[in-house]
Amino acid sequence: MIVLPHDLDLPDRDAVLGQAVPFDRARWIPELPDATWWPAELDSCPLVEKWPRVDRRTVFSIARKAGTVEGRRHLLVAALVWGTGTKVRSVNRRGQIFRRAPRTDIAAQLDARLEAALEALGERGATEAYWALNNEQHIPYLGAAFFTKVLYFAGHERPAGPYRPVILDSVVSRALKDLKTVDADWPENGWTTDQYMQYLEGVHDLARRRGVLPDQVEAALFFHGKRLP
């Protein structure tokens, strides 16, 4: 298990839910199979200077409708938008998920694999869902840094099994290394299911010791990682 420092500076839950990321709707719509994949809730996000900003709270509200095909599509897009920002290159990279031809086949594959992974999440828990999306339900160009965002929003409020899903990305990984809680060869992406399990155990252990929710620990790691050079 990864043992995180007890004195890690943790944000309160409102700060976590309010973590907002700017996005550009005009860059996303051409990347999607069609406009129905775009969640209407994103069009109500507040404008801050040049861009609207979507926060975790909004993506959670979208995730609560993930019991339908349309709802799962909206969850996927919302999680991608929240995790990407406004850079053209970043949006284009995420767009590769939808870009293979023919697009009708892409939609069918995405729908089937998302449904299977979220079924695993709801019935067997976070590590089983991680294994699914990392193996037999893998979606090309959707790596762990982003599919853990999908799992987080889909399952953190309604956990199955011992662990709530939390996000693991390269920023969090840098923080784990900087805090010397993992070995030097711990990867910045492409984690195994066992490594994700170790991460979940560590996050949940500190959350229990501090009396907070696991995503407060994950957010603390993310904020720590962002401050690193």
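Of everything in region 24-42 that's aliphatic (A, V, I, L, M) and assigned to a helix (DSSP H, G or I), which residue is least open to solvent (accessible area, probe 1.4 Å)?
Step by step, filter region 24-42, then rank; the result is LEU42.
Mind checking which residues of region 207-229 are within 29 Å of GLU136 (Cα to Cα) and either aromatic (Phe, Trp, Tyr) or in a loop (DSSP other than H, G, I, E, B) (or both)?
PHE222
Condition first: over 21 Å from LEU142 (Cα atoms) and assigned to a helix (DSSP H, G or I). Now tell me which residues in region 43-77 satisfy that.
Those that are over 21 Å from LEU142 (Cα atoms) and assigned to a helix (DSSP H, G or I): ASP43, SER44, ARG57, THR58, SER61.
Please state which of the following conditions VAL150 fails to meet, knowing it meets all the rest: (1) over 17 Å from GLY67 (Cβ atoms); (2) in contact with a helix residue (DSSP H, G or I) (Cβ under 8 Å, 6 or more places away or on another chain).
(1)
Which residues, taken from region 1-23, are touching a helix residue (DSSP H, G or I) at 6+ places or on another chain (Cβ under 7 Å) and charged (D, E, K, R)?
Hits for region 1-23 are ASP9, ARG13.
Within the bounds of region 190-206, is there any residue that is in a loop (DSSP other than H, G, I, E, B) and surrounded by fewer than 18 Cβ atoms within 10 Å (Cβ to Cβ)?
Checked against the condition, which is being in a loop (DSSP other than H, G, I, E, B) and surrounded by fewer than 18 Cβ atoms within 10 Å (Cβ to Cβ), region 190-206 yields at least one hit.
Please work out which residue is nearest to the chain's Cα centre (by Cα), limiting yourself to region 194-218 and to residues that are in contact (Cβ under 8 Å) with a residue 24 or more places away in the chain and over 17 Å from PRO159 (Cβ atoms).
By that ranking, first place goes to GLN198.
One line per residue, one yes/no per condition, for (1) over 27 Å from LEU221 (Cβ atoms); (2) at pLDDT 95 or above:
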{"site": "LEU4", "(1), (2)": "no, yes"}
{"site": "LEU10", "(1), (2)": "no, yes"}
{"site": "ASP34", "(1), (2)": "yes, no"}
{"site": "ALA40", "(1), (2)": "yes, yes"}
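Which one of these does VAL182 not meet: (1) part of a loop (DSSP other than H, G, I, E, B); (2) under 21 Å from LEU133 (Cα atoms); (3) of a type in the set (A, V, I, L, M)?
If we test VAL182 against (1) part of a loop (DSSP other than H, G, I, E, B); (2) under 21 Å from LEU133 (Cα atoms); (3) of a type in the set (A, V, I, L, M), just (2) comes out false.
Provide a single number: the residues in region 105-134 that are surrounded by fewer than 17 Cβ atoms within 10 Å (Cβ to Cβ), touching a residue at least 40 places away in the same chain (Cβ under 8 Å) and over 19 Å from GLY67 (Cβ atoms).
Here the count works out to 0.
The values are calculated or read from the model by the stated rules, or taken from the named source; none is laboratory data. Keep in mind that what you see is a predicted model, and the values were worked out from it rather than measured. Glycine gets a Cβ as well: all are built from the backbone with ideal geometry, and neighbour counts include every protein chain shown. Each accessible area value is taken on the protein alone, full model and side chains, heavy atoms only, with ligands, DNA and RNA left out. Shrake-Rupley method; radii C 1.70, N 1.55, O 1.52, S 1.80 Å.
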